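Structure first, then comments.
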């Protein structure tokens, strides 16, 4: 009776505070249990264990990366909620709260792989489709760091040509922000692109597939803003029956002026049919008129921006806005989608959040990639070689050439390898040669990576895995400076500045090292790591 009274009193106090949770669960961690999930931003804090103490509130923040109300453990357990939830880790417990979604806690099997495969089949079944296979068979190139807010035809062509002239194969080329006339004005800026169709034709002739940067923001002084707000149908010129396509102010009287990383703009409301039609029409036009092969859809962490505004669908959450935007990446063969809420099991490339040019961020790549795969994103890219945070490469910035090479080596045997900072600008001849060697190594494995991508599209499994996934119950759960590609390749990069050697845990089986020696596992060995060496083992 006292317990019931206490529960009722707690409910009334919570209701009086204006906070009602649709569901709330507490998961007691088992002895030695390790968990992965929720958000890739916290990859380096994984696995979550009984000693973890942190809060991740997806209701308030998407953490600018891949995220879902989802956890799996190496004891075969899984946690799932369709809606954005809050997760608190502490005192050997996981406390989960959801405002409107049911929280499920499932005994899915005995291992991490059991938990993942169960979850994939039940909550995010694989589509069976891969991204364009060029993402895996060759490096990617992004013009951002070299050109930043000065994208132009002459320098883009020179950048693309420099890669081929230095012996790198053509791949997917991403033309980044400011190729366009304005945010939402998706025309090539005419003073910097005199012949954009000719430029695209030249890039295609070099062997590149070309994708264009896009975002969901529209400048409020552009013709596009006025067309969308008035409801001018781009196909017919008529006024659409449901006018407007932007998030509105709370009073509903006008489109909201939203603060984002490049200033203030209107934000497309992806629950609005006209906004969806207009955006799709713009993407289709760029494919039709210029031969764009796809798009880099940036700014998908919409929950950071939609709070406090009114959507066409009054019941829509920030997650609904993200999914509405993300679905455009399924429409074109070659796309990168930067931030993803529950966009799992699909044939779209996703990339980790921008990393700084520093050793800590290099060490974050592997656990970030592992967490992304275990969240249900099989096709993950580890940011950009050397780091993707552009201010690290501004004129006068100090470049750590050793760090750049070690970063290239991590990328080389990941699912994807993406350059942005030009090796030919920031490195001397010795370090350039080491980067070329890393690319050449990748190209030797590229056919197997393509095959692995096709397999993972069918199974939903991550291409890049931690050792615990393939070898459960052997104490490998906390290893996060090694990784596996599928079940045939073990990679142990050097990620410590000045590191001349490192320890490698070799799992059961017969493995041939990069030096030709055969090692019988399970065993822990020490290997030498001169700058020119990336340590890896292939299964015999």
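The values are calculated or read from the model by the stated rules, or taken from the named source; none is laboratory data. Not measured: the values here are computed from a predicted model. Note that we place each Cβ from the backbone using ideal geometry, even for glycine, and neighbour counts take in every protein chain shown.
Note on region 35-71: residues that are in contact with a helix residue (DSSP H, G or I) (Cβ under 6 Å, 6 or more places away or on another chain) and surrounded by fewer than 22 Cβ atoms within 10 Å (Cβ to Cβ) amount to 2.
Here residue 318 meets the list (1) touching a helix residue (DSSP H, G or I) at 6+ places or on another chain (Cβ under 6 Å); (2) closer than 21 Å to residue 143 by Cα almost entirely, failing just condition (2).
For residue 184, the requirement of being at positive phi and out of contact with any strand residue (DSSP E or B) (no Cβ under 6 Å at 6 or more places or on another chain) is not met.
Checking each residue in region 495-506 for being surrounded by 15 or more Cβ atoms within 10 Å (Cβ to Cβ) and in contact with a helix residue (DSSP H, G or I) (Cβ under 6 Å, 6 or more places away or on another chain) picks out only 495.
Summed over region 55-65, residues that are closer than 11 Å to residue 41 by Cβ and at pLDDT 95 or above total 1.
Among the residues of this structure, residue 432 counts as one that is buried (at least 18 other Cβ atoms within 10 Å of the Cβ), out of contact with any strand residue (DSSP E or B) (no Cβ under 7 Å at 6 or more places or on another chain) and not assigned by TED's automatic domain parsing to the domain that holds residue 364.
Among the residues of region 103-120, is there at least one that is closer than 16 Å to residue 342 by Cα, over 24 Å from the mean Cα position of the chain (by Cα) and at pLDDT 95 or above? So far as region 103-120 goes, yes, one or more of its residues are closer than 16 Å to residue 342 by Cα, over 24 Å from the mean Cα position of the chain (by Cα) and at pLDDT 95 or above.
Per-residue answers, yes or no, for (1) in contact (Cβ under 8 Å) with a residue 60 or more places away in the chain; (2) assigned to a loop (DSSP other than H, G, I, E, B); (3) in contact with a helix residue (DSSP H, G or I) (Cβ under 8 Å, 6 or more places away or on another chain); (4) buried (at least 17 other Cβ atoms within 10 Å of the Cβ):
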| position | (1), (2), (3), (4) |
| --- | --- |
| 190 | no, yes, no, no |
| 199 | no, no, yes, yes |
| 204 | yes, no, no, no |
| 211 | yes, no, no, yes |
| 228 | no, no, yes, yes |
| 264 | no, no, no, no |
| 278 | no, no, yes, yes |
| 284 | no, no, no, no |
| 289 | yes, no, yes, no |
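The condition of being under 18 Å from residue 369 (Cα atoms) and surrounded by fewer than 18 Cβ atoms within 10 Å (Cβ to Cβ) holds for residue 478. One residue stands out in region 72-85 among those that are assigned to a strand (DSSP E or B) and under 21 Å from the mean Cα position of the chain (by Cα): the one that is surrounded by the most Cβ atoms within 10 Å (Cβ to Cβ), namely 72. Scanning region 447-469 for residues that are in a helix (DSSP H, G or I) and buried (at least 17 other Cβ atoms within 10 Å of the Cβ) turns up 449, 452, 453, 456, 457, 467, 468, 469. Exactly one residue among 454, 524, 540 is touching a residue at least 24 places away in the same chain (Cβ under 8 Å) and more than 30 Å from residue 345 (Cβ to Cβ), and that residue is 540. Looking across region 152-180 at every residue that is touching a residue at least 40 places away in the same chain (Cβ under 8 Å) and assigned to a strand (DSSP E or B), the one that is farthest from residue 442 (Cα to Cα) is identified as 174.
Residues that are free of Cβ contacts under 8 Å to residues at least 40 places away in the same chain and more than 20 Å from residue 54 (Cβ to Cβ) within region 87-113 comprise 104, 106, 107, 108, 109, listed in sequence order. The set of residues in region 1-40 being assigned to a helix (DSSP H, G or I) and either closer than 16 Å to residue 477 by Cα or at pLDDT 95 or above (or both) consists of 40 alone. State all residues of region 86-102 that are modelled with pLDDT of 95 or more, in contact with a strand residue (DSSP E or B) (Cβ under 6 Å, 6 or more places away or on another chain) and not in a strand (DSSP E or B); if no residue qualifies, say none. Across region 86-102, the qualifying residue is only 102.
Looking only at residues in region 266-276 that are within 14 Å of residue 230 (Cβ to Cβ) and touching a strand residue (DSSP E or B) at 6+ places or on another chain (Cβ under 7 Å), which one is surrounded by the most Cβ atoms within 10 Å (Cβ to Cβ)?
266
Quick one: would you say residue 160 is in contact with a helix residue (DSSP H, G or I) (Cβ under 7 Å, 6 or more places away or on another chain) and either closer than 30 Å to residue 394 by Cα or assigned by TED's automatic domain parsing to the domain that holds residue 330 (or both)? Considered against the rule, which asks whether it is in contact with a helix residue (DSSP H, G or I) (Cβ under 7 Å, 6 or more places away or on another chain) and either closer than 30 Å to residue 394 by Cα or assigned by TED's automatic domain parsing to the domain that holds residue 330 (or both), residue 160 comes out as yes. Might you check whether a residue that is closer than 27 Å to residue 445 by Cα, at pLDDT 95 or above and either outside the structural domain of residue 168 (by TED's automatic domain parsing) or part of a helix (DSSP H, G or I) (or both) occurs anywhere in region 386-393? Looking for residues that are closer than 27 Å to residue 445 by Cα, at pLDDT 95 or above and either outside the structural domain of residue 168 (by TED's automatic domain parsing) or part of a helix (DSSP H, G or I) (or both), one finds none in region 386-393, hence no.
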